[in-house]
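Working notes, structure below.
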Amino acid sequence: MALVGLSGAAHAQEAKPGAAKAGEAAKPTQLLADFIAGFDLKQAPSLAIERARTAFIDTMGVTLAGSRSEPAAIVIEMVKLEGAAATASIVGQSLRTSPQLAALANGVASHALDFDFTYTQGQLVAPVIPALLPLAESTGATPAETLAAFIVGFEVVSRLSRANPNHNGGGSWHGTGTIGTIGAAAACARLLKLPAAELPDVLGISVSLGSGVNANYGTMTKPLHAGQAARNGLMAAQLGGRGFTANKAAIEGRGGFAATFARGLEWHADAFGDLGQKFDLAERGIRPKRYPCGGVIHTGIDAALKLRDELGPRVADITGIKAGIAKYAANRASEQYPTNTEAAKFNLQYVVAYSLVHGVPKLKSFDEEAIKDDRVKALARKIAVAIDPEFADAHEDYPTRLTITLADGRTVEALVVYASGTAKYPMTPAQMEEKFFDCAAQAVSGETARKIFATLGALGEQRSFDGFWPLLRRA
């Protein structure tokens, strides 16, 4: 592996912001700033490099597919009206615009299908790559520098998630828009090679720009959280690098992230202590999605597919289905049958019924024609959902137990604890490649898709991105 075009640690020799006094523990903001400025890609384990490349491949694939979605189209119309200077590409579009608007459009497209990879607490990392791509293009950053910036953003997101492990489940936040904004800001600051002294301001700005509530799951505003976080993270880095000030302890200080976003929730400040010593990207990995819908209901799909294989034609004899789920998954179990794509992607009854009738859900499984399927509608009405006491409080892996009753009175059951794509049942390289090309085919030719895939599969080994950006615009 030859990572080229990357200098050593950026500004590592500069004075550490807010350095701790003798005998005093370093604060999270200081630890984050030190890590962002001092990270050297040569220190990253090879597994972290490999997984970062996988993250770029997965994100690019779903962004190309998402670029053809209705939410993305609406955002593109708005971007056109802005008339910004054309300095950055938008994935899957012929239009070029400003880096911030490109980050917004990329972020919405990347999350529009809810097919992007997850980590702890969902898709907290979703805004990072959509923000980095236009910044890398507009600044002439190398692939290796961009790869390093992603790893920085990932590790920052991971520590914030570890510090506040019930951010999503215990509160009303959508961490993609809150924690994701800070991660995107950290990644962009790294790519801009900002000195350590400016990083607390960047982080402080991003804390104030973070937003997103989970009331908007199942609507177009959920992917808007990813787009806005990408744009705001990039803006925070650009402003902080120009001397724009913020509270230099906005993570842990009075009225900061811990005191507001984590109010009444768990907060573990020691989560930041191993930054630069351990790499969560290598040790914990990512969870690429096998199915293009909300990750919390993937175990329901897996259970339904198991039972479909077992029952065969007897699926037609189903008279009732009981679905046992965790408390956190309860808001994905609406009694109202979905009427649009966004709602269907977050409806347990729909995905279970669809999987039993048709098999593995694909991109087209959530279009209007699929949702209108009378067989799926009829089966969805037979599903009764309840909290399963065995795993009621699960908040990272979300098991589903399906119990099916047949016309002759017999019952069959399937319990799935770990979904496809998790560390227990990871997607194979062949499945990842199939997913990428299925997604990319929505926006680009097969030849273009193969070139994009090859570039991202060896990300960091190229000297420049010069031949890459035009590929993204061949739509």
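The values are calculated or read from the model by the stated rules, or taken from the named source; none is laboratory data. Quantities reported herein were computed from a predicted structural model and do not represent experimental measurements. Glycine also receives a Cβ, built like all others from the backbone with ideal geometry; neighbour counts cover every protein chain displayed. For accessibility, only protein heavy atoms count, side chains too; no ligands or nucleic acids. Shrake-Rupley method; radii C 1.70, N 1.55, O 1.52, S 1.80 Å.
At-a-glance table
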| read-out | value |
| --- | --- |
| Residue within segment 287-310 that is over 22 Å from residue 420 (Cβ atoms), charged (D, E, K, R) and not in a strand (DSSP E or B) present | no |
| Qualifying positions in segment 407-444 - assigned to a loop (DSSP other than H, G, I, E, B), open to solvent by less than 60 Å² (accessible area, probe 1.4 Å) and farther than 22 Å from residue 297 by Cα | 409, 443, 444 |
| Any hit, segment 362-380, residues being among the polar types (S, T, N, Q), in contact (Cβ under 8 Å) with a residue 24 or more places away in the chain and buried (at least 20 other Cβ atoms within 10 Å of the Cβ) | yes |
| Test result for residue 238, in contact with a Cys (Cβ under 8 Å, 6 or more places away or on another chain) and either surrounded by fewer than 22 Cβ atoms within 10 Å (Cβ to Cβ) or aromatic (Phe, Trp, Tyr) (or both) | yes |
| Qualifying residues in segment 314-361 (those that are in contact with a Pro (Cβ under 8 Å, 6 or more places away or on another chain) and of a type in the set (Ser, Thr, Tyr)) - the one surrounded by the most Cβ atoms within 10 Å (Cβ to Cβ) | 350 |
| Helices (runs of 4 or more DSSP H) completely within segment 166-284 that count 2 or more residues being within 26 Å of residue 328 (Cβ to Cβ) | 179-191, 221-240, 257-260, 280-283 |
| Selection from segment 103-137 of residues that are out of contact with any strand residue (DSSP E or B) (no Cβ under 8 Å at 6 or more places or on another chain), β-branched (Val, Ile, Thr) and not in a loop (DSSP other than H, G, I, E, B) | 108, 128, 129 |
| Identity of the residue in segment 253-290, open to solvent by 60 Å² or more (accessible area, probe 1.4 Å) and of a type in the set (Asp, Glu), that ends up farthest from the chain's Cα centre (by Cα) | 270 |
| Top-ranked residue of segment 291-313 - restricted to ones that are open to solvent by 20 Å² or more (accessible area, probe 1.4 Å) and either touching a helix residue (DSSP H, G or I) at 6+ places or on another chain (Cβ under 7 Å) or of a type in the set (Asp, Glu) (or both), ranked as farthest from residue 438 (Cα to Cα) | 310 |
| Unmet criterion (only one of (1) surrounded by fewer than 24 Cβ atoms within 10 Å (Cβ to Cβ); (2) more than 20 Å from residue 151 (Cβ to Cβ)) for residue 174 | (1) |
| Test: residue in segment 80-95 that is at pLDDT below 95, in a helix (DSSP H, G or I) and open to solvent by 40 Å² or more (accessible area, probe 1.4 Å) | no |
| Residue that is most open to solvent (accessible area, probe 1.4 Å), among those in segment 460-473 that are farther than 16 Å from residue 130 by Cα, outside any helix (DSSP H, G or I) and of a type outside the set (S, T, N, Q) | 463 |
| Output for segment 381-436, where each listed residue is at pLDDT 95 or above and among the basic types (Lys, Arg) | 381, 382, 401, 410, 435 |
| Test: residue in segment 52-61 that is of a type outside the set (Phe, Trp, Tyr), touching a Cys at 6+ places or on another chain (Cβ under 8 Å), modelled with pLDDT of 95 or more and more than 30 Å from residue 255 (Cα to Cα) | yes |
| Flag if residue 395 is touching a Gly at 6+ places or on another chain (Cβ under 6 Å), over 17 Å from residue 218 (Cβ atoms) and either touching a residue at least 60 places away in the same chain (Cβ under 8 Å) or open to solvent by 50 Å² or more (accessible area, probe 1.4 Å) (or both) | yes |
| Filtered residues of segment 319-347 (kept if outside any loop (DSSP other than H, G, I, E, B) and small (Gly, Ala, Ser)) | 320, 323, 324, 329, 330, 343, 344 |
